[in-house]
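Engineer: Shown below is the structure under consideration.
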Amino acid sequence: MFEDRESRERSPAHATALDCLEAGIQAAHPGSVTKSCVSLTGSRLQVGPSAVDDAVETIDLAGYDEIVVVGGGKASVAVAAQLEEILGPRLTGGVVVTDRDKRGDADSTERPSGSEQREETDLDRVEVRYGSHPVPDEAGVAGARELLDLVTAADENTLVVGLITGGGSALLPAPAEGISLSDLQETTDALLAAGATIHEINAVRKHLSALKGGRLAEAATPARVVGLVVSDVVGNDLDVIASGPFVPDPTTYADAADVLNRYDLEVPESVRRRLDRGEAGELAETPKPGDRVFDRVTTHVLADGYTAVDAARNRAEDGGYDAMVLSSRVRGESREAAKTFVAIGEEIAATGEPVSPPAVVVSGGETTVTIRGGGRGGPNQEFALAAAGELAGGDANSIVVAAADTDGFDGPTDAAGGIVDGNAVPRTEAADALADNDAYTALNDRELLLKSGKTGTNVNDLRVLVVEE
């Protein structure tokens, strides 16, 4: 999966860290989890259970004239491909919007070795459209409008299968009336640069959109909707994953305005004006819990960050390591989270607590970066670089830290993350690079970046710490 892996395997500990990362990413592949959670017997479609969701539902397809698949996000194509195989000719059509491989254009067929993902242009009944992530573009707007038109045309005899996966917020922009694409782009840039959490970013996005925050369920009424979710959000908050197009929105225009005020952000006047009008009651709020538009909507989570974390731990145990999951919900500033991760490794090496070496500690979640410099990088690269600074001067091979974004792209770069040890980057050099938010250059110069290309999934960060005897 990872390119030039041989050059990153500088010790058995490095190899173990990479093995665990790859096992976690593969376990969360949306094609695999869809196949295990969705089945068809005769005319009866069963959805669930999954490893993270006990809910089971059976739908008699004989009661529907049309079945359409719609959705967006980095994992949407792989789910749609598997649904085509399961539903066969019963599937009438659909539209999904996904991201481009950042190593090539939208028609790139290059994939990491071992990927189960079908070629994105090989879908038979579902149209695949491409947009930009994390900042939306015109192609995403066009795809979102096409999807919205398809859902709006659905009636009570239509089954809409909604694919809700990470990245869908940016890939399904659909600006609300009075908001332009450039307004969305400028606002998204400002929120990302400020280090806002995904909950805060999506509270704003939902109130600038024609389909987020439950509005796609509203447009689909009176159709029957079943949502299939691959979660990239800590805690699996359904209203936050892809900004919750098919679920109730607990946030308000006032909440969105509060986010902008809290970070003291300069955003387009049209954005401020819309939020002000919404607060004043001049615009309809997003659908809330209890709204009748959700009477025929159900949702199932197929995979999440714990899916990847658990598989990584199992891979370590299979290799003879004493392994533990620290948490699948780590959040906060990347460089600060890295210090705690390294401290746990140091404790294991010194005292054998909380696990005895050889040991592996795995974590997931979503850390963030507050941009203050002019360099390149992403949360997982900053995590790796900060870990390198903390480890600097120690035994080069006794503690190894690897961090990667499971979708294959960490921030606006072509790298998934990085792998480091005590001999990776001198402490002062690591500090200088972090001050300029330039983890990419610091890691790339030393061949410490991890690159995989588009993996086909997205369950956020995955980090592995290996402590040898």
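The values are calculated or read from the model by the stated rules, or taken from the named source; none is laboratory data. Quantities reported herein were computed from a predicted structural model and do not represent experimental measurements. With ideal geometry, Cβ positions are generated from the backbone for all residues, glycine too; neighbour counts draw on all protein chains shown. We work out accessible area using only protein heavy atoms, side chains counted, and drop any ligands, DNA or RNA first. Shrake-Rupley method; radii C 1.70, N 1.55, O 1.52, S 1.80 Å.
Engineer: Leaving out ligands, DNA and RNA, and with a 1.4 Å probe, what % of the accessible surface on the chain is carbon or sulfur?
Structural biologist: 45
Engineer: Just want to confirm a number: the relative contact order over the chain, from Cα pairs under 8 angstrom separated by 6+ residues, in percent.
Structural biologist: 18
Engineer: May I pose another question? Stretch A343-I371 to full length: gain in nm at 0.36 nm per residue minus the Cα-Cα span?
Structural biologist: Values: separation 28, 0.36 × 28 = 10.08 nm, distance 2.47 nm.
That works out to 7.6 nm of additional length.
Engineer: Give the shape of the range 352-469 as rounded, prolate or oblate, defined through the alpha-carbon gyration tensor: a ≥ b ≥ c are the square roots of its eigenvalues, a/c under 1.5 means rounded, and otherwise the shape is prolate if a/b is larger than b/c and oblate if not.
Structural biologist: Details: a/c = 1.90, a/b = 1.20, b/c = 1.59.
Verdict is oblate for the range 352-469.
Engineer: Checking the cross-link filter: which lysines have an alpha carbon closer than 19 Å to that of K35, excluding same-chain neighbours under 8 positions apart?
Structural biologist: K74
Engineer: Which value, in debye to the nearest 20, gives the size of the charge dipole of the chain about its Cα centre, when Lys and Arg are +1 and Asp and Glu are -1 at the Cβ?
Structural biologist: Details: 41 positive and 80 negative charges, 109 e Å.
Using only the charged Cβ atoms, the result is roughly 520 debye.
Engineer: Just one of (i) 22.0, 67; (ii) 22.6, 71; (iii) 22.7, 75 is Rg and Dmax of the Cα atoms in Å calculated from these coordinates, so which is it?
Structural biologist: Computing Rg and Dmax of the Cα atoms in Å and matching it to (i) 22.0, 67; (ii) 22.6, 71; (iii) 22.7, 75 gives (i).
Engineer: Could the peptides 192-203, 411-422, 239-250, 427-438 be put in order, highest first, of the mean number of other beta-carbon atoms found within 10 Å of their residues?
Structural biologist: Details: 192-203: 20.3, 411-422: 25.3, 239-250: 27.2, 427-438: 17.8.
For the peptides 192-203, 411-422, 239-250, 427-438, the packing ranking is 239-250, 411-422, 192-203, 427-438.
Engineer: Based on alpha-carbon centroids, what's the gap between the range 129-147 and the range 176-213 in Å, whole number please?
Structural biologist: So the two Cα centres are separated by 14 Å.
Engineer: Would you mind getting the accessible area per residue of the chain, heavy atoms of the protein chains only, 1.4 Å probe, in Å²? Please report the intermediate quantities before stating the final value.
Structural biologist: On the way: 17230 Å² over 469 residues.
Using a 1.4 Å probe on heavy atoms only, each residue of the chain averages 37 Å².
Engineer: Another question, if that's okay. If we sort 373-379, 283-289, 78-84 on the protection proxy, mean other Cβ atoms within 10 Å, highest first, what's the order?
Structural biologist: Highest-to-lowest ranking by the protection proxy: 78-84, 373-379, 283-289.
Engineer: What three numbers, in Å, describe the spread of the alpha carbons of the range 170-221 along their principal axes, ordered from the longest?
Structural biologist: 37, 22, 16
Engineer: Right, here's the next one. Against the empirical 2.2 N^0.38 Å scaling, what ratio does the C-alpha Rg of the range 38-108 come to? Intermediate values should be presented prior to the final figure.
Structural biologist: Values: Rg = 14.5 Å, N = 71, 2.2 N^0.38 = 11.1 Å.
Scaled against compact globular proteins, the figure is 1.30.
Engineer: For the range 195-251, restrict the atom set to alpha-carbon positions and state the Rg and Dmax in Å.
Structural biologist: Rg and Dmax of the range 195-251, Cα atoms, are 11.2, 39 Å.
Engineer: Toward the positive end of the charge dipole of the chain, about the Cα centre and with charges on Cβ (Lys, Arg +1; Asp, Glu -1), which of Q46, T152, P136 goes farthest?
Structural biologist: T152
Engineer: For a protection proxy built on the mean count of beta-carbon atoms within 10 angstrom, sort 446-455, 130-139 highest first, please.
Structural biologist: Numbers: 446-455: 23.4, 130-139: 19.2.
Packing order, densest peptide first, comes out as 446-455, 130-139.
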